[in-house]
Amino acid sequence: MTQTVSAAEDARAVPVAEAVPASGTQRGHVFYPWSAQGVIKPMMVASAEGSYFTDDAGKRYLDFSSQLVNTNIGHQHPKVVAGIKAQADLLCTISPLHANRTRDEAARLICELAPEGMNKVLFTCDGSEAVEHAARLARQHTGRIKLLSTYRSYHGSTTTATNLTGEPRRWPNDYGSAGTVHFFGPFLYRSPFHAASEEQECARALQHLEQVVALEGPATIAGIVLETVPGTAGIMPPPPGYLAGVREICDRHGIVYIADEVMAGFGRTGRWFAFENYGVVPDLVTFAKGVNSGYVPLGGVIISDAVAASFEERVYAGGHTYSGHPLACGAAVATINAMKEERIVENAAFIGDKVLGPGLKELVDKHPSVGEVRGLGVFWALELVKDKATREPLAPYGGSSPAMADLLGACKERGLVPFSQFNRVHAVPPCNVSESEARDGIAILDEALTVADAYCGG
Ligand SMILES: Cc1ncc(COP(=O)(O)O)c(C=O)c1O
């Protein structure tokens with residue numbers, strides 16, 4: 001657009017039907033994140049409800065992606081919409097330096113869900129900022145600089161969060177380590193340790209971490225940042241004992257254990273926090289997404305009493321104009337209350353145990369392209385391969401392939417939108433997905449996978 005538009009003549013003055021093409025895909029003036037602008041064809045979404053969204057041609061899709069795995073409570077939940085409206089009538093915004101009852105209540109509800117000894121919440125506007133602040137809290141608390149994180153992880157798009165990230169989205173943004181060091185977490189299917197069992201993978205991954213800590217210098221390490229269950233990088237539930245081993249290494253060396261629960265938290269794994277599945281208590285917990293399903297941007301860090309004590313007298317140097325935004329906190333209060341009232345976390349556990357887990361695992365035997373299915377709750381990955389014996393991925397690491405494009409096209413044609421990355425499809429519906437919706441999603445995946453099977457062997 002070359003001409004300037006005054007506030008009075010802004011886009012809202014133009015009828016939407018005239019401003020954009022009637023249907024299909026369009027790019028317009030929006031610069032899309034993580035995309036080559038001339039190549040992407042974003043779907044125009046007109047509306048959404050529960051586990052479905054609808055494009056502007058009226059076609060309905062079962063949302064097996066939860067968008068960017070954030071709509072844990074589904075779309076347009078009436079109690080959350082009402083909570084946002086009520087807060088908008090009461091108070092739209094207020095400085096984070098003032099106290100505010102809605103913000104207080106959101107923090108209280110979050111701490112009530114957290115383990116004993118975690119009684120403070122630093123609010124941010126998203127998950128990347130949450131990771132950024134967890135890093136800063138750990139550094140200021142310990143007086144050390146280095147942060148350790150795993151390959152095959154995603155921690156966000158801001159500077160430190162990107163540097164902590166262990167997947168290709170870091171590559172174009174990596175201008176040096178920024179004090180971050182990567183190590184290998186456990187991943188038996190593609191074991192970096194040549195392990196043959198979960199027990200071996202766990203023991204060897206812990207030995208490897210011990211070595212990295214020893215060689216980097218324990219007294220230089222502020223924190224170890226771990227997605228409890230790595231999400232975008234592959235939904236790899238850690239073997240029993242691994243996180244307890246990490247906790248022990250952190251305790252021994254005075255290192256802050258930071259659990260990144262931005263994707264895995266707030267019901268996704270069938271527990272409020274994913275670390276509850278593994279009997280560990282971190283020092284700092286980052287959250288965002290599911291805390292209010294992203295209806296209004298919100299993230300934060302839950303802080304242990306020991307770390308919080310470091311800032312009783314000393315100023316914590318960090319914050320944002322919108323930290324703990326009242327509309328976002330209003331959405332969080334309504335979301336957490338609705339999730340409790342409607343037993344949505346319990347539903348996620350049930351769907352994982354009884355529907356998604358068994359249903360998706362059956363696909364391994366049925367389809368040559370499905371190498372492994374893994375996950376828990378409403379958090380499942382299908383690892384797709386060209387050849388089950390060699391485990392060669394159906395798309396290269398960091399890339400795509402005609403096989404994956406055709407598979408995703410076949411899902412879309414049949415009214416299903418899963419999450420996907422490289423050679424994987426993730427089945428990650430909302431936590432309140434119904435049994436029949438989950439079964440419908442599996443049935444569509446089953447059909448669509450025959451398209452991927454055609455690329456296997458030979
Ligand atoms: C584990 C994890 N950490 C951090 C982030 C960054 O969150 P945001 O995109 O809200 O900045 C994400 C986003 O997907 C994530 O999955």
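The values are calculated or read from the model by the stated rules, or taken from the named source; none is laboratory data. Since the model is a prediction, treat every value here as computed from it, not as a measurement. Note: ideal-geometry Cβ built from the backbone for every residue, glycine included; neighbour counts use all protein chains shown. These accessible areas exclude ligands, DNA and RNA; they are computed on the full protein's heavy atoms, side chains included. Shrake-Rupley method; radii C 1.70, N 1.55, O 1.52, S 1.80 Å.
Among complete DSSP H helices in the chain, none has alpha-carbon atoms stretching at least 24 Å along the helix's long axis together with a mean Kyte-Doolittle hydropathy reaching 1.0.
Could you list the GluC sites (Glu not before Pro) in the range 245-329 that lie in coil according to DSSP, counting only those with at most 15 other Cβ atoms within 10 Å of their Cβ? If you can, show how the numbers build up before the last one.
Working: sites: 248, 261, 276, 312, 313; in loops: 261, 312, 313.
Here the GluC sites (Glu not before Pro) that fit, given the DSSP loop and packing criteria, are 312, 313.
Rounded to the nearest 500, the 222 nm mean residue ellipticity of the chain from helices alone is -10500 deg cm²/dmol, with -39,500 (n - 2.57) taken per DSSP H run of at least 4 residues. Using the Cβ of residue 430 as centre and a radius below 12 Å, the other residues enclosed give a net charge of -2, where K and R count +1 and D and E count -1.
Local charge sum around residue 204 (other residues, Cβ-Cβ under 15 Å, Lys/Arg +1, Asp/Glu -1)?
Numbers: positive: 190; negative: 198, 199, 201, 210.
Taking every Cβ under 15 Å from that of residue 204, the sum is -3.
Label point 7 Å out from residue 94 along Cα-to-Cβ: which residues of the range 313-332 have amide N under 20 Å? Under 20 Å, as judged by backbone N against the label point of residue 94, lie 319-332 of the range 313-332. The modelled label-to-label distance for the pair residue 321/residue 414, using points 7 Å beyond Cα in the direction of Cβ, is 4.8 nm. Each part reduced to its alpha carbon centroid, the range 221-296 and the range 383-458 end up 26 Å apart. Backbone amide hydrogens, once placed in the peptide plane, bring residue 125 within less than 5 Å of 299, excluding anything fewer than 5 places away on its chain. Would you grab the residues whose amide H sits under 5 Å from the one on residue 74? Only those 5+ places off in sequence or on another chain, please, with H modelled 1.01 Å from N. Amide H neighbours of residue 74: 431, 432.
In a DSSP loop and with at most 11 other Cβ atoms within 10 Å, the GluC sites (Glu not before Pro) in the range 79-174 are 116. Within straight-line reach of residue 412, meaning a Cα separation under 19 Å, sit the following lysines at least 8 residues removed in sequence or on another chain: 41, 59.
Cross-link partners for residue 120 among the aspartates and glutamates, with Cα-Cα distance under 15 Å and sequence neighbours closer than 8 places in the same chain left out: 104, 105, 112, 283, 305, 312.
Within the same chain, lysines fewer than 8 places from residue 361 are excluded, and of the rest, those with a Cα less than 21 Å from its Cα are 386, 388. For residue 256, the residues whose amide H sits under 5 Å from its own are 223, 224, ignoring neighbours fewer than 5 places away on the same chain, with H placed 1.01 Å from N. Over the chain, the hull volume per residue, using the convex hull of the C-alpha atoms, is 160 Å³. Sorting the segments 55-66, 216-227, 280-291 by their residues' average number of neighbouring beta-carbon atoms within 10 angstrom, most packed first, yields 280-291, 216-227, 55-66. A cut-off under 14 angstrom between Cβ atoms defines the neighbours of residue 363, and their net charge, with Lys, Arg +1 and Asp, Glu -1, is -1. Leaving out ligands, DNA and RNA but keeping every protein chain, what accessible area does residue 376 have, in Å² rounded to the nearest 10, with a 1.4 Å probe? Ignoring ligands and nucleic acids, residue 376 comes out at about 30 Å².
At an R0 of 30 angstrom, the distance between the Cβ atoms of residue 443 and residue 400 translates into a FRET efficiency of 0.75. Protein heavy-atom accessible surface, 1.4 Å probe, per residue over the range 345-448: 38 Å².
To the nearest 0.05, what FRET efficiency results for residue 366 and residue 337 with a Förster distance of 60 Å applied to their C-beta separation?
On the way: r = 41 Å, r/R0 = 0.69.
Rounded to the nearest 0.05, the efficiency is 0.90.
Relative to one another, the C-alpha centroids of the range 306-324 and the range 150-190 are positioned 26 Å apart.
Most simply put, the chain has about 65% antiparallel DSSP beta bridges, counting only bridges with both residues inside it.
Provide the packing ranking of 232-241, 315-324, 264-273, i.e. peptides ordered by the mean count of other C-beta atoms within 10 Å per residue, highest first.
On the way: 232-241: 22.2, 315-324: 14.8, 264-273: 27.2.
Ranking, from highest mean packing down: 264-273, 232-241, 315-324.
Hey, any idea what % of the range 199-327's accessible area is carbon plus sulfur with a 1.4 Å probe?
On the way: 2420 of 4310 Å².
Here carbon and sulfur together make up 56 percent of the probe-accessible area.
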